[in-house]
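Here's the structure, in structure tokens; my notes come after.
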Amino acid sequence: MAQLVGDPERERAAHELQRHYREGRLTTDELAQRLETALRARDGAQLRLALKDLPTWWSEWAALRSPVRLVRNAAIVAAAAMIWLFSSVVLLIAFVAWLVANGPSLAGLLVFPLLWFALTWLLWRSSRRLRARP
């Protein structure tokens, strides 16, 4: 007897198909066909047919959890944290020096926080990109 599926299961399958499309595993036509199959599925076998030949999230997670990759990613995070901490302290010292030399001004109160946010965003983005590499 086939196990019937409901809307939550069909929606999860659709989200998985969209994720695979975003990651470049499916063409637009394949996505449309598989979405139609998934959204019309009445049982688990039909859902599995829509997801056929695509890696499952647990196989991708297992690949991400390799010991070498974990150590490398931890080193990237630690290096990014140290760079962020050092540059934040340097920006704070520069900000205090600016205030002592020039007094409080709108330019100083806007420039230094914007620099800090930009630096934080760039470090976060670059470390995330490095950690995503195989």
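Search the stretch 111-133 for residues that are touching a residue at least 12 places away in the same chain (Cβ under 8 Å) and closer than 20 Å to LEU91 by Cα and pair each with any residue that is surrounded by 13 or more Cβ atoms within 10 Å (Cβ to Cβ) and hydroxyl-bearing (Ser, Thr, Tyr) when their beta-carbon atoms are under 7 Å apart and the residues are at least 6 apart or on different chains.
TRP116/SER88; LEU119/SER87
May I ask you to list the residues in the stretch 116-128 that are more than 28 Å from VAL96 (Cα to Cα) and either outside the structural domain of ALA79 (by TED's automatic domain parsing) or of a type in the set (A, V, I, L, M) (or both)?
If the condition is that a residue be more than 28 Å from VAL96 (Cα to Cα) and either outside the structural domain of ALA79 (by TED's automatic domain parsing) or of a type in the set (A, V, I, L, M) (or both), then no residue fits.
Quick one: what pairs do we get from the stretch 81-109, first residue closer than 24 Å to SER126 by Cα and among the hydroxyl-bearing types (Ser, Thr, Tyr), second part of a helix (DSSP H, G or I) and modelled with pLDDT under 95, C-beta under 6 Å, 6+ apart or different chains?
SER87/LEU119
Test ALA32 against the criterion of being loosely packed, with under 14 Cβ neighbours inside 10 Å and at pLDDT below 85, and give yes or no. Write out each step before concluding.
Numbers: loosely packed, with under 14 Cβ neighbours inside 10 Å: yes; at pLDDT below 85: no.
The answer is no for ALA32.
The values are calculated or read from the model by the stated rules, or taken from the named source; none is laboratory data. All values derive from a computational prediction rather than experimental measurement. Every residue, glycine among them, receives a Cβ derived from its backbone with ideal geometry; neighbour counts consider all protein chains shown.
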